[in-house]
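Chemist: Got a structure for you, questions after.
Laboratory data are not the source of any read-out in this text; all were calculated from the coordinates shown. All of these numbers come straight from a predicted model, not from anything done at the bench. When we count neighbours, we look across all protein chains shown, and the Cβ atoms used for this are built from the backbone with ideal geometry, even at glycine.
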Amino acid sequence: MERLLFLAKIEKGLQQADAGQTISHAHVKDKMPKGSALIERTHRLESNLIRAALECCHRNKTKAAKQLGLNRTTLQYKIKKLSLE
């Protein structure tokens, strides 16, 4: 549950940044760790969200999918793709 709250705060911060603030390329580049790829970071974030939802829902994939706003089959695909089983 703590992870979900933490991730919700991150998402809220991203939404606020999108709502009118212009972020320069140099600013983003300074904040990114060297050598990190967007795809890697996206997979890591997605994995953390899925793990947290599964933990919160006691490994019930149907409930976790609903919490994440996904179809159950999509969640199962992502679990397999990200090697979370």
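Chemist: Put a dot 7 Å past each Cα toward the Cβ at His58 and Thr74; how far apart are the dots in nm?
Modeler: Label at Thr74, label at His58, 2.6 nm between them.
Chemist: Report ³J(HN,Hα) in whole Hz for each residue of the range 38-52, in order, from the Karplus equation J = 6.51 cos²θ - 1.76 cosθ + 1.60 where θ = phi - 60°; Gly and Pro get x.
Modeler: My calculation for the range 38-52 gives 4, 4, 4, 5, 5, 4, 5, 5, 4, 4, 5, 5, 5, 4, 5 Hz in order.
Chemist: Next up: With label points built 7 Å along Cα→Cβ from the Cα atoms of Arg51 and Glu85, find their separation and express it in nm.
Modeler: Placing both labels 7 Å along Cα→Cβ, they lie 1.9 nm apart.
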